[in-house]
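Heads up: the structure comes next, in structure tokens.
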Amino acid sequence: MRYFYEYKYKSGCIVGGHNLENITIEGNKIILAGVDIISTYYDKEYRGWTQVIVMNEIEYLKIEPMKEVG
């Protein structure tokens, strides 16, 4: 299952994204990882990504399931 995520920095900046697949907590860091699926002319391309968030720099982290499309 893939998830949508959103978090807000204490400075007020809101960041959001999708295709989140894995969450890891190491010390005071949250590591989000996922794979974006990009349609090309011939097929689909898969690009992995990671996002590291320092817990004491954010106000909240919200995670919601994405609806799967058949």
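The values are calculated or read from the model by the stated rules, or taken from the named source; none is laboratory data. Values in this document were obtained by computation on a predicted structure and should not be read as measured data. Only protein heavy atoms, including side chains, enter the accessible area calculation; ligands, DNA and RNA are left aside. Shrake-Rupley method; radii C 1.70, N 1.55, O 1.52, S 1.80 Å.
Points to keep in mind about this one:
- Residue list for segment 1-37, filter: of a type in the set (Lys, Arg) and open to solvent by 80 Å² or more (accessible area, probe 1.4 Å): Lys10, Lys29
- Number of residues in segment 1-16 that are on the phi < 0 side of the Ramachandran plot and among the small types (Gly, Ala, Ser): the value is 2.
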